[in-house]
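These notes concern the structure reproduced below.
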Amino acid sequence: QVQLVESGGGLVQAGGSLRLSCAASGRTLTGYVMGWSRQAPGKERDFVAAVGRDGTAYYTDSVKGRFTISRDNAKNTVYLQMNSLKPEDTAVYYCAVFTGGRIDASTSYGYWGPGTQVTVSS
């Protein structure tokens, strides 16, 4: 079974950047579609981005042009580069494995990591 651990979160001012990492152990990620979701206080967990086995990227509209998802299969790691951050990006960010269904729905993912907090100050 795959275990995922996110890192790279922190406190940043609006307009700043962060790079999140999702390191996997237990199984190679090569054959999996991987995704990032986020959950703000009092809100549901929402899809942010996904990367296919071939590197094809998918994004929710609110992060298009600002976030970039990528994967390094040799390092068994998935990344989320976040630029031009806004206060509304504040949330706990989770990575997970796509298990079936709509690729842009957080409910289509499993094997969630514990998450990493991102806080964007105005």
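List of remarks:
- Take the Cα of Thr56, step 7 Å toward its Cβ, do the same at Ile103, and the gap between the two points is 0.5 nm.
- Among 53-65, 83-95, the peptide with the highest mean count of other Cβ atoms within 10 Å heads the list, and the full ranking is 83-95, 53-65.
- With 10 Å bins from 0: P(r) over segment 6-98, alpha-carbon pairs, percent: 17, 52, 27, 4
- Taking the square roots of 5 times each eigenvalue of the Cα gyration tensor of segment 65-122, largest first, gives ellipsoid semi-axes of 22, 15, 12 Å.
- Across q = 0.24, 0.31, 0.32 Å⁻¹, segment 50-98 modelled as identical point scatterers on its alpha-carbon atoms has Debye log10 I(q)/I(0) values of -1.02, -1.40, -1.44, in the order of the q list.
- Rounded to the nearest 20, the Cβ-based charge dipole of segment 1-61 about its Cα centre (Lys and Arg +1, Asp and Glu -1) stands at 140 debye.
A short reminder: the numbers here are calculations on the coordinates, not readings from a lab. What you see is a predicted model, and the numbers here were worked out from it, not measured in a lab. Quick reminder, even Gly has a Cβ in these numbers, built from the backbone with ideal geometry, and neighbours come from all protein chains shown.
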